1. Put +1 on the Cβ of each Lys and Arg and -1 on the Cβ of each Asp and Glu in chain A; which of A:Ala204, A:Ala12, A:Val167 then has its Cα farthest toward the positive end of the dipole?
2. In degrees between 0 and 90, to the nearest 10, how far off the longest principal axis of chain B does helix B:69-87 point, with axes built from Cα atoms?
3. So how strong a dipole does chain A carry about its Cα centre when Lys and Arg Cβ are +1 and Asp and Glu Cβ are -1, to the nearest 20 debye?
4. Once you put a point 7 Å from the Cα of A:Met89 and another 7 Å from the Cα of A:Lys176, both along the Cβ direction, what distance in nm separates them?
5. With the calculation restricted to Cα positions, what are the radius of gyration and Dmax of chain A in angstrom?
6. Given the DSSP H assignment, sum -39500 (n - 2.57) over each helix run of at least 4 residues in chain A and divide by its residue total; what's the result at 222 nm in deg cm²/dmol, nearest 500?
7. In percent, how large is the relative contact order of chain A, given Cα pairs closer than 8 Å and 6 or more residues apart?
8. Under DSSP H, which helices of chain A have Cα atoms covering 18 Å or more of the helix axis and a Kyte-Doolittle average no less than -1.0?
Amino acid sequence: MDVTLMLWIDAALTLMILSFLYRDNPFYKFAEHLFVGVSAAYLMAVGFWDHLVPNLLGKLFPSLMSGVVPGAVGRSPDYYYLIPAVFGMLLLTRLIDRWAWLSRWALAFIVGGAAGFNLPRFLDSDFIIQVQSTMIPLVVLDASGNLLWGASFSHVVLVLGVICGLVYFFFSVEHKGALGHVSRAGIWVLMVTFGAAFGYTVMARISLLTGRMEALGAWLGSIF
Amino acid sequence: MRRRIPLIITFIIGVVLITGYFVTRGPFNTLYESFSDYFAIITVFAFILGGGSLLKIHLKRVSSRAADWPYSVVTLVAFLVTLVIGLFKVGNPGGMSGEILASGSWLRFMFDGVYNPLSATMFSLLAFFVASASYRAFRARTKEATILLSAALVILLGRTPVGAWMTAWMPESLAFLELPNLANWIMAWPNTAGQRAIMIGIALGVIATSLRIILGIERNYLGRGE
C-alpha cells in the first residue's frame, strides 16, 4: 500500500480522535464507530484463522483443509471435535430470541471450564506461592552476623504491608479499635500500590501520545 | 431442563478440570487435555457471537432510523469490509494458504493503517483524562489521595532522566533518597506488599466463586427465567 496514503489515513484518524478534546463531534463519532467495526471484524477474522481453522476445521475436515492447515494432509477426521462444534453453534443461538435458552449450555461449558481452570491455578500461583513468598526473615544479617538495617526495614515493610492489606479486605469483622488502625494502614499500603500503577499508566499513555505526535510529525513532514 | 442441564454441564466440566489438574495420568488427564482444547474453541465462537450481536444491534438502529443511525452505517460497512477481507484473505500475497497478517495483505493494511492509529490515539486520550483526574484527586486533600499521588510522582520522576538529574546532588550517604532509587524501593517493597495483598484477596475470591459455580450455588450466569 502507498506510504503517502497510509500517512494521510493515519493522520486523519488521529486528528479525528484527538478532536474529542475540544468536545464530542461528528468526526470523533465517525472514527469511534469505524474503530468498533474494524476491531470487531479484525478479532473475528484472526480468531477464525488462528484458532477455528487449525483446531476445529482442520481436525474435522483434514482433507478439505489440507491446503491451509499444515500437517492436515493424510490425517483422518477426529469426530470428537464435533462436541466443541456443537457447543459453539449452541452459543450462537443467543442471536435468535426463540432458541436463545440453548446458548446456556455452551455458556455453562465456558463458565464451568473457567471455574475448573481457575480454581487450582489461583490456589497455586496466586495464593500458596504468594503466601510462601511473604514468609521471609524480618531480621536480615550479613555473612559476619551484622544487622542489615535497610534490608530488614524493607522486609518488615513487605510483611506488615501484606498483613495490613489483607486485614483491610477482611470484612467479616467490623474495622474498629486496633483492627481499624491496622486496616487504615492497609489502605495506605494499597494507595502506594495504586499510585505506582497510576504512575505507570500515565507513562504508558504519554508514550502512546508521543507516538501519535511523531506520526503527525511524519505526516506534516511529507507535506512540507 | 432449561436450567438443570447447564448446571450439570458446569459441574461435570469443573470437576473433570480440577481433577485433571491434580491427576496427571489416566482418563482424567486425557479429558483435561480434550476439554482444554474444546474450551479454547468454544471461546472463539464467543467472538463470532460478539460480531453477530454487533450486526444485529446496528442493523436495528439503521432500520428504525434511531438517533445517530448514519454512524451505525459506518460501523456496519467497516465491520463487513474488514470481515470479508479477513475471512477470504482478500489481497493476501500468499492466497488462502498465506499468513493471515502477511506483509502487504489488505488485512495488514487495515491493522496498520486503521486499527493501530485508532486504538493508540484512543488510549493516548486517557493521558489527558488521567491528568485531569489526578488534579481533582490532589484537590481532595485527603491523606489517601496524597499518598497515592506522592507514590505516582516518585515513580514517574524516578523512571525518567529528569528524576535522576533532580537528585544527583545528594551525598553518597543519602543515595537511597535519590528518585530512581526511591522509585525502585517503592516498586520492590510497599508496591509488592499491596499487590500481594490484592492477589491473595482475588485468589480467595476466585476459589470461592469457582466452587460456588461448580456446585450450582452461583447461578447468575444463567440469567433470569426459564
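The values are calculated or read from the model by the stated rules, or taken from the named source; none is laboratory data. The structure displayed is predicted, hence computed values, not measured ones. All Cβ positions, even for glycine, are placed from backbone atoms using ideal geometry, and neighbour counts span all protein chains on display. For accessibility, only protein heavy atoms count, side chains too; no ligands or nucleic acids. Shrake-Rupley method; radii C 1.70, N 1.55, O 1.52, S 1.80 Å.
1. Farthest towards the positive pole: A:Val167.
2. Rounded to the nearest ten degrees, it is 80.
3. Numbers: 12 positive and 12 negative charges, 99 e Å.
Result for chain A is approximately 480 debye, rounded to the nearest 20.
4. So the two model labels end up 6.2 nm from each other.
5. Over chain A's Cα set, Rg and Dmax evaluate to 27.7, 77 Å.
6. Estimated from H runs of four or more residues: -22000 deg cm²/dmol.
7. That works out to 13 percent.
8. Details: long enough: A:3-18 (22 Å, 2.11); A:26-47 (31 Å, 0.97); A:103-121 (27 Å, 0.64); A:149-169 (30 Å, 1.84); A:177-223 (68 Å, 0.98).
Both cut-offs are met by A:3-18, A:26-47, A:103-121, A:149-169, A:177-223.
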